[in-house]
Amino acid sequence: MNESGARALVVQHTERGGPDRWTGWLAEGGLALDVVRPYEGETVPGKLERDALIVLGGGYLPDDDARAPWLAGTRALMGQALERGVPVFGICLGGQMLAQVGGGEVRGEYGAPEFGSTALRLRAEADEDPLFRDLPARPTAVENHVDRIVRLPDGAHWLAESDACPYQAFRLGERAWGVQFHPEASAERILRWDPARLSRHGAADRTALHTRARLDEPAASAVWRKLAHRFAAQVRTH
């Protein structure tokens, strides 16, 4: 039961890219989700009328309007949230969109891709961050990207990195977070990935990626569940 009454608008870009385990984790923290699925023809609202905005991942660049026309409306919602100080959480594409809307830069198929469970490193600024403080210094998370942020917005707080991709997590202002990884994704999602895409980018087969992620999942789940609870608390207290 969502006794707090707090609700977040979630923009989902692909059929397989839903909020997954974050639905339950955020509900534990008193935050309910209203998911809009524009790839199915649903309309992205023109005005943000929820207590938070969560933008999920998908195989697009943040301004790939020709293939995903709803991205323009999603960027507008993110701009509204930043202007009003409404809490934001962007995952993968959503994190890239936050960086771009905030004045940073994103490039497609740039650098080494990352797939499967990946070791991250928290940076010193994470010690003062409301979501990332006191988390393990080297957590793992599921990755699935070939595009990346190449420049953070001015004034952004750089929170986490990996060996292959520097900008794994950041905060913009007081209440907007973007991550390149997938804290919402369990190891089971890997079994639904396109093997042809993995092969095209030189990745290991799905079975190997899934096996590695399952081994890392107990510890990783504890970390990202705590982070989800903290984001929900940010929304409730805003």
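The values are calculated or read from the model by the stated rules, or taken from the named source; none is laboratory data. Model, not experiment: these values are computed from the prediction. Neighbour counts are summed over all protein chains in view; Cβ atoms, including those assigned to glycine, are modelled from backbone coordinates with ideal geometry. What goes into the accessible areas is simple: the full protein's heavy atoms, side chains included, and nothing from ligands, DNA or RNA. Shrake-Rupley method; radii C 1.70, N 1.55, O 1.52, S 1.80 Å.
For the reader, a short list of remarks on this structure follows.
- In a reduced charge model with +1 at each Lys and Arg Cβ and -1 at each Asp and Glu Cβ, the chain shows a dipole moment near 240 debye about its Cα centre.
- For the chain, the spread of Cα positions along the three principal axes, ordered from largest to smallest, is 42, 41, 37 Å.
- Cα-only Debye scattering, the stretch 121-237: base-10 log of I(q)/I(0) at q = 0.15, 0.16, 0.18, 0.20 Å⁻¹: -0.72, -0.81, -1.00, -1.17
- Largest-first ellipsoid semi-axes for the stretch 1-127, taking √(5λ) over the Cα gyration tensor eigenvalues, angstrom: 22, 20, 16
- Dipole orientation for the chain: of the candidates Ala164, Trp22, Ala8, Trp22 has the Cα lying most toward the positive pole (charges on Cβ; Lys, Arg +1; Asp, Glu -1).
- Mean Kyte hydropathy of -1.0 or more with a Cα span along the axis of at least 24 Å, helices from DSSP in the chain: 206-237
- Among the protein heavy atoms, those of Arg151 account for about 100 Å² of accessible surface (1.4 Å probe, every chain in place).
- Overall dimensions of the stretch 49-116, expressed as equivalent-ellipsoid semi-axes from the Cα gyration tensor (√(5λ), whole Å, largest first), are 21, 13, 11.
- Solvent-accessible surface (1.4 angstrom probe) belonging to Thr207, in square angstrom, nearest 10: 90 Å²
- Here's how it looks for Gly90: its modeled amide H is under 5 Å from those of Val55, Trp177, Gly178, Val179, which are all 5 or more places away or on a different chain.
- Estimated FRET transfer efficiency (Glu83, Val35; beta-carbon r; R0 35 Å; 0.05): 0.90
- In sequence order, calculated HN-Hα J values of the stretch 13-19 (Karplus, 6.51, -1.76, 1.60; Hz; x Gly/Pro): 9, 9, 4, 8, x, x, x
- Principal axis extents of the Cα atoms in the stretch 1-76, from largest to smallest and rounded to whole angstrom, are 41, 26, 18.
- Fraction of beta bridges assigned by DSSP in the chain that are antiparallel (%, nearest 5): 55 percent
- The stretch 17-86 and the stretch 105-181: distance between their alpha carbon centers, rounded to Å: 19 Å
- Taken along the Cα-to-beta-carbon direction at a fixed 7 Å, the label points for Glu42 and Ser221 span 2.6 nm.
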